[in-house]
Amino acid sequence: MASLRTSAIICSVRQHGEHGAVVRSLTPDNGLMAGYVRGARSRTMRPILIPSNIVQADYRARTEDQLASMTAELQESRGPYLGEPLASSALDWVTALTSAILPEEQSYPRLHSALSALLDAICGAPSAKGWAVALVRYELLLLSELGFGLSLEKCAVTGSTEELVFISPKSATAVSKGAGQIYKDKLLPLPAFLKEPDNPEWDDIFDGLKVTGFFLKRHFFEDRRNDVMAARSVLVDRLKRVVA
């Protein structure tokens, strides 16, 4: 990549040096891109380099192995939502997650479209229920795109497609009510909305978050930074307080 100009969703900003930052952003065609932004901590750039903002980004690098320099022009700001605790924690989580687990410069067009739609929903839905299901589906899509998808079409024990109510934490496959009954304390719940879209209750949504949280932690955060999953805990706690 000698140069690239593209729309990008800011996902993380890490301070580097006295005035700069390494910024990771999700692009439509080139996946997660990292770039060094000079003056990133200036009064002008800080409102632009907010995770979840959409920018027009220019990347330039002399060699393939060099960290590209990046400049950014604001296209869409989500700064106004930083003052809303629930929306802010949701924006923080999904962008931090995306930055933490995606390999750089690999194209994930489905993830870019899904993340863009999820961010729009977080900022535009009239209630949290309007985007909480989309959040679970985005986390499932991330797992699938990175090779850790769940298999929920039939029971891993009997092959039946009926009464699928559990998920095996070992195999990430569905288990029917009959086959899983004696092991139910060791199994994860399979929320109905993951099989058949409907209008789920909050209990189902929290079950969905429990499932995706379990597999995200297992595959990506078991031996890594805990601060990313801590951001998720903050979000789930705030959702529970809203529902209560």
Among what's in segment 17-32 and is in contact (Cβ under 8 Å) with a residue 60 or more places away in the chain and aliphatic (A, V, I, L, M), pick the residue that is surrounded by the fewest Cβ atoms within 10 Å (Cβ to Cβ). LEU26
Output the number of residues of segment 106-157 satisfying the condition of being touching a Leu at 6+ places or on another chain (Cβ under 7 Å), over 22 Å from PRO169 (Cα atoms) and charged (D, E, K, R). 1
Exactly one of (1) within 18 Å of ARG137 (Cα to Cα); (2) open to solvent by 90 Å² or more (accessible area, probe 1.4 Å); (3) not basic (Lys, Arg) is unmet by PRO191. Its number? (2)
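Here are some residues: ILE48, ILE9, ILE54. Which one is over 30 Å from LEU140 (Cβ atoms), under 21 Å from the mean Cα position of the chain (by Cα) and at pLDDT 95 or above? Steps first, answer last, please.
Numbers: ILE9 fails: over 30 Å from LEU140 (Cβ atoms); ILE54 fails: over 30 Å from LEU140 (Cβ atoms).
The conditions single out ILE48.
Looking only at segment 39-56, which residues are surrounded by 15 or more Cβ atoms within 10 Å (Cβ to Cβ) and either of a type in the set (Lys, Arg) or more than 17 Å from THR95 (Cα to Cα) (or both)?
Start the filter on segment 39-56 by keeping residues that are surrounded by 15 or more Cβ atoms within 10 Å (Cβ to Cβ), which leaves 40-41, 45, 48-55.
Those that are surrounded by 15 or more Cβ atoms within 10 Å (Cβ to Cβ) and either of a type in the set (Lys, Arg) or more than 17 Å from THR95 (Cα to Cα) (or both): ALA40, ARG41, MET45.
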Output the residue which, of all residues in segment 194-205 that are modelled with pLDDT of 90 or more and not in a loop (DSSP other than H, G, I, E, B), is most open to solvent (accessible area, probe 1.4 Å). ASP203
Taking segment 67-110 and keeping only residues that are basic (Lys, Arg) and either closer than 17 Å to PRO51 by Cβ or in a strand (DSSP E or B) (or both), one is left with ARG78
Output the residue which, of all residues in segment 68-103 that are in contact (Cβ under 8 Å) with a residue 40 or more places away in the chain and open to solvent by 70 Å² or more (accessible area, probe 1.4 Å), is nearest to GLY213 (Cα to Cα). ASP92
From the residues in segment 117-126 that are open to solvent by 30 Å² or more (accessible area, probe 1.4 Å) and assigned to a helix (DSSP H, G or I), which one is farthest from ALA8 (Cα to Cα)? GLY124
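Looking only at segment 161-184, count every residue that is open to solvent by 40 Å² or more (accessible area, probe 1.4 Å) and not hydrophobic (A, V, I, L, M, F, W, C) and tell me the total. Walk me through it before giving the result.
First, pick out the residues of segment 161-184 that are open to solvent by 40 Å² or more (accessible area, probe 1.4 Å): 161-163, 165, 170-171, 177-178, 181-184.
Checking the rest, the ones that are also not hydrophobic (A, V, I, L, M, F, W, C) come to 161-163, 170-171, 177-178, 181, 183-184.
Residues flagged as open to solvent by 40 Å² or more (accessible area, probe 1.4 Å) and not hydrophobic (A, V, I, L, M, F, W, C) within segment 161-184 amount to 10.
Are any residues in segment 127-149 of a type in the set (Phe, Trp, Tyr) and surrounded by fewer than 19 Cβ atoms within 10 Å (Cβ to Cβ), and if so, which ones? Steps first, answer last, please.
Here is the first cut: in segment 127-149, the residues of a type in the set (Phe, Trp, Tyr) are 131, 138, 148.
The one that is of a type in the set (Phe, Trp, Tyr) and surrounded by fewer than 19 Cβ atoms within 10 Å (Cβ to Cβ): PHE148.
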Among the residues of segment 1-16, write down those that are open to solvent by 10 Å² or more (accessible area, probe 1.4 Å) and farther than 15 Å from ARG60 by Cβ. SER7, SER12, VAL13, ARG14, GLN15, HIS16
Any residue in segment 139-165 that is more than 17 Å from LEU32 (Cβ to Cβ) and without any contact (Cβ under 8 Å) to a residue 40 or more places away in the chain sitting within a Cβ distance under 7 Å of a residue that is of a type in the set (Lys, Arg) and open to solvent by 60 Å² or more (accessible area, probe 1.4 Å)? List the pairs, counting only those 6 or more apart or interchain. SER160/LYS154; THR161/LYS154; GLU163/LYS177; LEU164/LYS195; VAL165/LYS177
Filter segment 1-30 down to residues that are in contact with a helix residue (DSSP H, G or I) (Cβ under 8 Å, 6 or more places away or on another chain) and part of a strand (DSSP E or B), then give me how many there are. 7
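Touching a strand residue (DSSP E or B) at 6+ places or on another chain (Cβ under 7 Å) and of a type in the set (Val, Ile, Thr), is that true of ILE54?
Yes; evaluated as a whole, the condition is true for this residue.
The values are calculated or read from the model by the stated rules, or taken from the named source; none is laboratory data. Please read these numbers as outputs of a predicted model, since none were measured by experiment. No Cβ is skipped: glycine too gets one built from the backbone with ideal geometry, and neighbour counts run over all protein chains shown. The area values use the complete protein model at the heavy-atom level, side chains included, leaving out ligands, DNA and RNA. Shrake-Rupley method; radii C 1.70, N 1.55, O 1.52, S 1.80 Å.
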